[in-house]
Amino acid sequence: MRLVENIFLTSSLHDIGKVGIPDYILLKPGRLDDKEFSIMKSHTVIGFETLEEALQKTPEASYLHVAAEIARHHHEKFDGSGYPDGLSGDRIPVASRIFALSDVYDALVSKRPYKEPFTHDRARSIIFEGRGNHFDPMVVDAFLACEQRFIEVCEHYRS
Ligand SMILES: [Fe+2]
């Protein structure tokens, strides 16, 4: 199966590790303190370990390998300032580099309890600011090359 299909099929599992995070942190309306944030960050490793264990039990389900990579590394940043492993550049699996941009775009254009949805143009400029520090420049360029498709998908799910 192609990588892009694996990303499509498995990326909804990226935050599965949040089942291991206490509700008082997940549901906290305000900002997390340092200790709470470090517990929250562990959702990446919990998700990875859960999916790796599933992969060991069903080795034929190779797509779980991509799911596990995305779960572990979707909060890494291209410049190495992300978590949990502080990977940078090409050391971050490509599926995770692609998903990281999609996840941030989705968060920006979605309504949240603490914010209204941002417009595509505002999300686009925030993502462009992250080119080379938060995001892989090639992934940002690919996003810009097909941004109309992002707008269409966004409008489809909004309606
Ligand atoms: Fe996450």
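About the Cα centre of region 90-159, how large is the charge dipole given +1 on each Lys and Arg Cβ and -1 on each Asp and Glu Cβ? Please answer in debye to the nearest 20. Mind showing how you got there, number by number?
Working: 10 positive and 11 negative charges, 44 e Å.
The dipole of region 90-159 has a size of about 220 debye.
Where Rh is the Kirkwood radius over the Cα pairs of the chain, the temperature 20 °C and the viscosity 1.002 mPa s, what D in µm²/s does Stokes-Einstein return?
Details: Rh = 16.5 Å.
The estimated diffusion coefficient comes to 130 µm²/s.
Find the centroid of the Cα atoms in region 52-85 and in region 109-159, then give the distance between the two in whole Å.
If we compute the Cα centre of each part, the gap is 23 Å.
Do the sum for the chain: with -39,500 (n - 2.57) for every DSSP H run of n ≥ 4, divided by all residues, what is the mean residue ellipticity at 222 nm, to the nearest 500 deg cm²/dmol?
Details: 9 runs with 93 residues, N = 159.
That comes out to -17500 deg cm²/dmol.
For the chain, give the magnitude of the charge dipole about the Cα centre (Cβ charges: +1 Lys/Arg, -1 Asp/Glu; no others), in debye to the nearest 20. Walk me through the intermediate numbers first.
On the way: 19 positive and 25 negative charges, 74 e Å.
Approximately 360 debye in magnitude.
Of the chymotrypsin sites (Phe, Trp or Tyr not before Pro) in region 74-159, which ones lie in a loop per DSSP and count no more than 14 other C-beta atoms within 10 Å? Can you show the working numbers first?
Details: sites: F78, F99, Y105, Y114, F118, F128, F135, F143, F150, Y157; in loops: F78, Y114, F118.
Taking region 74-159 and a limit of 14 other Cβ atoms within 10 Å, the loop chymotrypsin sites (Phe, Trp or Tyr not before Pro) found are Y114.
Exposure proxy check: E5, E49 ranked by fewest other beta carbons within 10 Å? Spell out each step's value before the answer.
Details: E5 11, E49 15.
Taking fewest neighbouring Cβ atoms as first place, the list is E5, E49.
May I ask which residue of N133, A123, I98 lies farthest towards the positive end of the charge dipole of the chain, with charges of +1 (Lys, Arg) and -1 (Asp, Glu) on Cβ and the Cα centre as origin?
A123
In square nanometres and to one decimal, what's the mean projected area of the convex hull around the Cα atoms of region 90-159? Working shown, then result.
On the way: hull surface 19.8 nm².
If I average the Cα hull's projected area over directions, I get 4.9 nm².
Take V109, V66 and order them by how many other Cβ atoms sit within 10 Å, fewest up front. Numbers along the way, then the final one.
Details: V109 21, V66 24.
Result, fewest neighbours first: V109, V66.
Can you tell me, using C-alpha contacts under 8 Å and at least 6 residues apart, the relative contact order of the chain as a whole percent?
Details: 186 pairs, mean separation 28.3, N = 159.
It rounds to 18 percent for the chain.
If you consider only alpha-carbon coordinates, what radius of gyration and Dmax does region 66-130 have, in Å?
Spelled out, the Cα radius of gyration and Dmax of region 66-130 are 12.6, 35 Å.
Every number in this text was worked out from the coordinates using simple rules, so none of it is lab data. In this text, all values refer to a predicted model and were calculated from it rather than measured experimentally. Neighbour counts run over all protein chains shown; Cβ positions are idealised from the backbone, glycine included.
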